[in-house]
Amino acid sequence: MKALPKDLTRSEWESLICERIIGRNAYRDREIVKENLLDGRTYEWIAESHELSVRQVARILQSRRKQIYK
């Protein structure tokens with residue numbers, strides 16, 4: 001997997017996330033990715049705030065990161 005560029009601004013990251021995360025549950029998944037990558041929220045915090053299990057959050061982040069890294 002390619003490393004993401006570290007010199008992007010927050011708005012550039014948000015645009016990249018919105019552009020590349022599409023499909024089913026895209027809005028929810030974009031929020032989850034932003035909370036983890038941009039805000040540094042833990043899997044546990046995200047799981048609780050979205051009423052998901054930690055395992056579901058991990059699965060979502062793993063699959064959606066693949067879309068961002070492409």
For helix 10-20, what angle does its Cα long axis make with the longest principal axis of the chain, in degrees from 0 to 90 and rounded to 10?
80
Considering only protein heavy atoms and a 1.4 Å probe, what is the carbon-and-sulfur percentage of the accessible area of the chain?
48
Karplus 3J(HN,Hα) series, Hz, for the stretch 36-51 with 6.51 cos²θ - 1.76 cosθ + 1.60 (x for Gly, Pro):
7, 6, 8, 9, x, 5, 7, 4, 5, 4, 5, 4, 5, 6, 9, 6
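The values are calculated or read from the model by the stated rules, or taken from the named source; none is laboratory data. It should be emphasised that the depicted structure is a prediction, and the values quoted were computed from it without experimental measurement. For the accessible areas, the whole protein counts, side chains as well, though only heavy atoms, and no ligand, DNA or RNA atoms are used. Shrake-Rupley method; radii C 1.70, N 1.55, O 1.52, S 1.80 Å.
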